Amino acid sequence: MEASVVTALRTALGDAGLRVGDDIDARFCEDVLGQRGAVPLAVLRPATTADVSKALAICNDAGVAVVTQGGRTGLVRGCLPQSGEVVLTTERMNQVESVDADAGTAIVQSGVVLQALQERVEPMGLAFPLDLGGRGSCTIGGNVSTNAGGNRVIRYGMARDLILGLEAVLADGTVIDGLKPFVKNNTGFDLKQLFIGSEGVLGVVTRLVVRLIPKPTDTAVAFCGLRDFAQVRALLRHLRQRMGGELTAFEVLWKAYYTRFLAMKRGAGAMPDAHAFYVLTEASGSDGEALRARFERALADALEQGVIDDAVVAKSETEARALWHMRDLAIEVSRTLGPHVGFDVSLRIADMDAFAVDLAALARRLHPGAQTVVFGHAGDGNLHLAVARDVQVENSYAQVERAVYDLVARYGGSVSAEHGIGMTRRAYLGHTRTAQEIALMRALKRTMDPKNILNPERVLGVPG
């Protein structure tokens, strides 16, 4: 990068806002999976929207590519710098600016860590309901960039459903101020939706108006054992009917997941490994004992009707956390396969069982003896998969990827439910999106970032 550009960036951001050369920490070159990118030409550390605007204008004029980083918890190589790029990190933009308890909203900077926002509003009797395993390091900006889902989509929806407004900076430094804190705002195009889920290729999100809910004062959590997937579907229907809007989560673990979890924990699980499927489910509300009574009655009826074969109900918050811990260790459980390929797909709930059977057969064809791990947010149609690969086979990673995404396409599913496209899934975008949809996405990219400096090659590749 030319010295004149470095000088201009340092003038715009100050010494604290720019790192180059040996001052660039290794953390800016890797993600949560340990995947590594190139050493960036520089790291931009803006503290305000004005800083972001000035920095992007300088980079755009010079034709320097910029990759935005939040908590670097993405799983599709979208935040890893490539050769010749600079990193723009939002780590200094980490303030919860205001909370409006009357409206149930907060204005936050994009670098706020998810758990920090949750903890900030909790003493006020409020909650930000988006929740996922990386809550302690992922940022709100990153959550919005990938339209994160997490554990409670079945009740509260995706990140998209929790954002009322946002501020973003375009490639040329133009600031789009859409921080209107209104539920009802039908004044032309809803421009915030362009940025939510677009993985930073259209602009850098800097501030957001997020929706808050009254904090549920009570939760009820259970872990259930089931003999087949027909029971899983029946339990979901049963709990939706009996618990209504109080049903917060419905997570399904295939047997291989739980078996491997027990091996990791030396048998310290919620129940013996005697079932084909396990469901972790949660209801939440504000009427304490009445909520738990309804939840336990619904589970007791499910047992009596043969919908489930066994159930463990948490009797304390500590026990509830222990049950959720089994699900939060998903990355560690998947790693017990050894070298593997991870996937994040959406399917019709009715197709999940057949898909998992076909997936296991596909894995064995590619690599005799290969095993799979299947788990996920089945209540909203999202499964996570881990498929073992043979490191002795050249290009085994790409081979497994191609075969699994082809299988997803045959089932009419989505190749990405909540983790995004990034670099790793770019070649398979057409498995889920039509040619016409992709062409429109490319047209938006050309219009909003004509020099292609924002997260280039992510999602769409080089716009044609």
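FYI, it's all coordinate maths here, none of it is from the lab. Keep in mind the model is a prediction, meaning the values are calculated, not measured. All Cβ positions, even for glycine, are placed from backbone atoms using ideal geometry, and neighbour counts span all protein chains on display.
A compact table of results
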{"item": "Rounded to 5, percent antiparallel among DSSP beta bridges of the chain", "result": "85 percent"}
{"item": "Additional length obtainable on full extension of the chain from THR447 to THR174, 0.36 nm per residue less Cα span", "result": "97.0 nm"}
{"item": "Inter-site label distance for ASP100 and LYS315 at 7 Å from Cα along Cβ, in nm", "result": "4.6 nm"}
{"item": "Fewest-first sequence of THR11, THR68 by Cβ atoms within 10 Å of each Cβ", "result": "THR11, THR68"}
{"item": "Mean Cα-pair separation over length for the chain, i.e. relative contact order, pairs under 8 Å, 6 or more apart, %", "result": "15 percent"}
{"item": "Residues whose placed amide H lies under 5 Å from that of GLY178, excluding near-sequence neighbours", "result": "LEU166, GLU167, ALA168"}
{"item": "Förster radius 56 Å - calculated FRET efficiency between ASN186 and ASN395 (Cβ-Cβ, nearest 0.05)", "result": "0.65"}
{"item": "Anchor LYS315: lysines whose Cα lies under 26 Å away (excluding residues fewer than 8 positions away in-chain)", "result": "LYS215, LYS255, LYS265"}
{"item": "Gyration tensor (alpha-carbon) shape descriptor, the stretch 218-331, a/c threshold 1.5", "result": "oblate"}
{"item": "Distance in nm between pseudo-label sites at MET264 and ARG348 (7 Å out along the Cβ direction from Cα)", "result": "3.3 nm"}
{"item": "Label point distance in nm, ARG365-ASP287, each placed 7 Å from Cα along Cα→Cβ", "result": "5.3 nm"}
{"item": "Phi to ³J(HN,Hα) by Karplus 6.51 cos²θ - 1.76 cosθ + 1.60 over the stretch 184-194, Hz, x for Gly, Pro", "result": "10, 7, 8, 10, x, 4, 8, 5, 4, 5, 5"}
{"item": "The chain, helix-only ellipticity at 222 nm - DSSP H runs n ≥ 4, -39,500 (n - 2.57), divided by all residues, nearest 500", "result": "-9500 deg cm²/dmol"}
{"item": "Directionally averaged projected area (convex hull, Cα atoms, the stretch 322-464), nm²", "result": "10.3 nm²"}
{"item": "Segment GLN436-ARG27, length gained on full extension (0.36 nm per residue, minus Cα span)", "result": "143.4 nm"}
{"item": "Karplus 3J(HN,Hα) series, Hz, for the stretch 373-384 with 6.51 cos²θ - 1.76 cosθ + 1.60 (x for Gly, Pro)", "result": "10, 10, 6, x, 8, 4, x, 10, x, 10, 10, 10"}
{"item": "Which of TYR257, TYR397, TYR405 has the fewest Cβ neighbours within 10 Å, and the rest in rising order", "result": "TYR397, TYR405, TYR257"}
{"item": "Additional length obtainable on full extension of the chain from GLN305 to ALA38, 0.36 nm per residue less Cα span", "result": "90.4 nm"}
